[in-house]
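K.L.:
Before I ask anything, let me first share the structure, which is written out below as structure tokens.
The values are calculated or read from the model by the stated rules, or taken from the named source; none is laboratory data. None of these values were measured; they are calculated from a predicted model. Positions of Cβ are backbone-derived with ideal geometry, glycine not excepted, and every protein chain shown enters the neighbour counts. All accessible areas refer to the heavy atoms of the entire protein, side chains included, with ligands and DNA or RNA removed. Shrake-Rupley method; radii C 1.70, N 1.55, O 1.52, S 1.80 Å.
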Amino acid sequence: METKVQQVDEAPPPEAQPIVSQPPPPPLSEIAQMVCGSCRRLLTYPPGAKHVQCSCCQTVNFVLEAHQVGQVKCGSCTTLLMYPYGALSVRCSSCSFVTEVRDHNMRPPWSVQQGQPTPPSNSVR
């Protein structure tokens, strides 16, 4: 009697199967940081993000580039505060004092202090 062997398509052995993995995390040099404006926790995010949600308090923080940020000292406790350019006042996250932003208490943008040129504006003439 003749035995017929039927070939069955079997899955390849585990070592022959392709390995599906997650992409590696970005290098540390490609991770940006900011402090949550509500709970003051240090947040990390990928460069280029426009908003970052705090995992602790769920506050959505607006991300500004260095050339978009101004600095002023709090009029009450002298904490260094950062604010988006164009703001007329800024509330201190430490003492809640509202400091008016004026020419006499403004500091140059962080990018200027770090020696980085401020990018050209996109205004149309």
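K.L.:
Got a sec? Which of 90, 101 is among the aliphatic types (A, V, I, L, M) and modelled with pLDDT under 90? Working first, answer last.
P.N.:
Details: 90 fails: modelled with pLDDT under 90.
So the residue among 90, 101 that is among the aliphatic types (A, V, I, L, M) and modelled with pLDDT under 90 is 101.
K.L.:
Just give me the residues in the range 66-94 being open to solvent by 80 Å² or more (accessible area, probe 1.4 Å) and touching a helix residue (DSSP H, G or I) at 6+ places or on another chain (Cβ under 9 Å), in sequence order.
P.N.:
82, 85 - these are the residues of the range 66-94 that are open to solvent by 80 Å² or more (accessible area, probe 1.4 Å) and touching a helix residue (DSSP H, G or I) at 6+ places or on another chain (Cβ under 9 Å).
K.L.:
Restricted to the range 41-65, and to residues that are among the β-branched types (Val, Ile, Thr) and out of contact with any Lys or Arg (no Cβ under 8 Å at 6 or more places or on another chain), which residue is least open to solvent (accessible area, probe 1.4 Å)?
P.N.:
First, pick out the residues of the range 41-65 that are among the β-branched types (Val, Ile, Thr): 44, 52, 59-60, 63.
Still in the list and also out of contact with any Lys or Arg (no Cβ under 8 Å at 6 or more places or on another chain): 44, 52, 59-60.
Values: 44: 87, 52: 13, 59: 43, 60: 90 Å².
This residue is 52.
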